[in-house]
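The structure under discussion appears below in the form of C-alpha cells.
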Amino acid sequence: MGKILEINGPLVRLQLPEAVIGEQVRVGQIGLVGEVIGRNGDTALAQLYEDSGGLRPGEVAEGLGWPLSVELGPGLLNAIFDGVQRPLNAVREKSGDRIARGVSVPALPRDRRWRFVPEPRRQGGMRVDGGDVLGSVQETESIRHRILTPPLTQGELLELAPEGDYTIDEVIGRIRLADGNIEKLRMFHRWPVRTPRPFRRRDHAVQPLITGQRILDTFYPLLKGGKAAIPGPFGAGKTMLQQQIARWCNAEIVIYVGCGERGNELTDVLEFMPRLKDPHTGRPLMERTLLVANTSNLPVVAREASIYVGITLAEYFRDQGYDVVMVADSTSRWAEALREVAGRLGQMPVEEGYPAYLGSRLAAFYERAGRVETLSGEHGSVTLIGAVSPPGGDFSEPVTSHTKEIIQTFWALSKDLADARHYPAVDWLESFSGDVPGAARWWAENVDPGWEAARSEALNLLAVS
C-alpha cells in the first residue's frame with residue numbers, strides 16, 4: 001500500500017516501491033484506476049483513466065498486480081463498452097445516466113448462464129496447447145462463440161465439463177501444467193491490451209472485403225486482413241462512410257471504436273446500430289457487433305487506451321477463426337491524446353507538437369491487422385479501417401502522412417465533392433490501393449475475368465474528366 005505524492009491532471013506521482021511499468025493502480029478514496037508509465041526510485045508515475053479532480057496528496061494508492069487487460073469470453077457481442085471495457089449499460093444501472101467516477105463493474109456478466117458444448121475431440125489425458133478450442137457457446141443467433149484455452153497455457157487436460165449451463169466464473173476444465181501445478185479453466189480469460197495475441201504464422205490475404213460501396217470495391221479494393229485509412233476534412237463524411245462499411249461489409253464480426261469523437265455523433269451510432277438489420281442474415285446487426293464508445297469529453301488517457309481495447313477484442317475473435325473488421329473513428333483523436341500525455345510528461349515535441357514516437361505507435365497499431373493461421377490451425381483475419389481528421393484537410397500533417405506510409409489502401413475524401421452532395425465523397429485522384437493485384441486475382445477466379453480491364457478503363461475515363 002502506498003500514497004499519492006503529486007497530481008498533475010491525469011498524471012499522479014505515487015509512493016509505490018513495488019509497482020512495475022504497465023501495472024494498473026487504484027488511487028484515492030473513490031478508487032480511480034490508472035496504469036504506471038514511469039518509475040524513479042521508490043516513486044511511480046501513473047496516468048489515470050478518469051478525471052483526477054478532487055484527489056489530494058496523501059490519499060492511498062495500491063498496485064493491482066496486472067496491466068490494463070480485457071476480459072475475453074461470452075457476452076462481448078451486442079455490448080457497448082467505454083475506452084477501458086466498462087459495460088456502459090451496466091454502469092448506467094449502477095450509477096445513473098451520468099457515469100460516476102470510480103465505478104467498478106465486471107466487463108462480462110457474471111450472473112448469466114451459457115450453454116457450453118464441449119469439443120468432442122477433447123478428452124481427459126490428452127495434451128492441449130494455447131489457443132485450442134475447448135468447446136463452444138451459442139452467444140447470439142448469428143455467432144457461435146468458441147471457448148479457447150488461454151494462449152500461454154499448455155499441458156495435460158485432466159477433465160472437461162459435460163454439456164450444460166454455466167456462468168463464466170464456473171470451472172469447465174483443469175489442466176496439469178509442465179511444473180505439475182493444476183490450472184483451472186473458465187469460459188473467459190484476460191489478456192493485456194498492449195500485447196498482440198500470438199498466432200502460428202501470417203497468411204497472404206486472398207479475398208477482398210466487400211464493403212457494399214461500389215467506388216471502394218471497384219476502384220480501391222481492400223483485402224480481408226488489410227489496412228485502410230479514410231482521411232478527410234470536417235464534414236466530408238468519414239463517420240457516415242465507416243458506418244456504411246460496418247453495416248454492409250461481408251465480415252463476420254464488426255467492432256466499432258469511437259475514439260474521441262463528438263458525443264452527438266457517437267449517440268447517433270449507439271441509437272442507430274441496434275435498430276439495423278444485418279443485410280446478410282436478416283437478424284439484428286448487433287448480434288455480430290460490439291461498440292467501444294469514448295467521447296471527446298472523457299479523460300484523455302482512456303481515449304488513448306480505447307484503440308488497444310478494440311484491437312485486442314478483434315484479435316480474440318480472429319483467433320476463433322472469424323473475419324473481423326475494426327473501424328476506428330478516429331486515429332487523429334488518439335494521436336492528440338498521445339500528444340497531450342507526452343506534453344505533461346515533458347517529452348520533447350517534434351512535428352506539430354506530436355511526440356517523436358508517433359510514427360512507431362501508429363505502425364505498431366496497424367501491424368496488428370492481418371490474416372493469420374491461428375494457434376488452433378484455423379484461419380482468421382483482422383481488417384483495420386481508421387479515420388484520419390487532418391486539420392483543414394491538409395494531408396501533409398503528421399498523422400495523415402505517417403498513416404499513408406503504413407497502410408495499403410487510402411480512401412481520401414474531398415470536401416468539394418461532399419459540398420456538392422456527392423457521397424461517398426471519395427477523391428479518385430488522391431486515393432489509392434495496394435491490394436488491386438490480389439483483388440484482381442480473386443475477381444478473375446470467382447466472378448469476372450475482365451474485372452481488372454474494366455476497372456482500368458473506368459479510371460482512365462475519370463482521369464480524363
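The values are calculated or read from the model by the stated rules, or taken from the named source; none is laboratory data. The structure displayed is predicted, hence computed values, not measured ones. For neighbour counting, all protein chains shown are included, and Cβ atoms are generated from backbone atoms with ideal geometry for every residue, glycine included. All accessible areas refer to the heavy atoms of the entire protein, side chains included, with ligands and DNA or RNA removed. Shrake-Rupley method; radii C 1.70, N 1.55, O 1.52, S 1.80 Å.
One table, with the values for the structure above:
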{"read-out": "Qualifying positions in the stretch 395-431 - open to solvent by less than 70 Å² (accessible area, probe 1.4 Å), not in a helix (DSSP H, G or I) and not β-branched (Val, Ile, Thr)", "value": "PHE395, GLU397, GLN408, PHE410, TRP411, ALA412, LEU413, SER414, PRO424, ALA425, ASP427, SER431"}
{"read-out": "Flag if ALA161 is touching a Phe, Trp or Tyr at 6+ places or on another chain (Cβ under 7 Å) and surrounded by fewer than 18 Cβ atoms within 10 Å (Cβ to Cβ)", "value": "yes"}
{"read-out": "Wholly within the stretch 238-351, strands (runs of 3 or more DSSP E) carrying at least 1 residues that are modelled with pLDDT under 90 and of a type in the set (D, E, K, R)", "value": "253-261, 323-329"}
{"read-out": "Residue among GLY392, GLY377 that alone is open to solvent by 10 Å² or more (accessible area, probe 1.4 Å) and outside any helix (DSSP H, G or I)", "value": "GLY377"}
{"read-out": "Residue in the stretch 354-364 that is part of a loop (DSSP other than H, G, I, E, B), more than 24 Å from GLY235 (Cβ to Cβ), over 24 Å from the mean Cα position of the chain (by Cα) and modelled with pLDDT under 95 present", "value": "no"}
{"read-out": "Residues that are open to solvent by less than 20 Å² (accessible area, probe 1.4 Å), out of contact with any helix residue (DSSP H, G or I) (no Cβ under 6 Å at 6 or more places or on another chain) and over 19 Å from HIS280 (Cβ atoms), drawn from the stretch 211-237", "value": "TYR220, GLY225, GLY226, ALA228"}
{"read-out": "Cβ pairs under 6 Å, 6+ apart, first in the stretch 188-216 and part of a loop (DSSP other than H, G, I, E, B), second open to solvent by 50 Å² or more (accessible area, probe 1.4 Å) and not β-branched (Val, Ile, Thr)", "value": "ALA205/ARG371; GLN207/TRP442; GLY212/TRP248"}
{"read-out": "The stretch 131-181 - residue that is among the polar types (S, T, N, Q) and out of contact with any Leu (no Cβ under 7 Å at 6 or more places or on another chain) and, of those, modelled with the lowest pLDDT", "value": "SER142"}
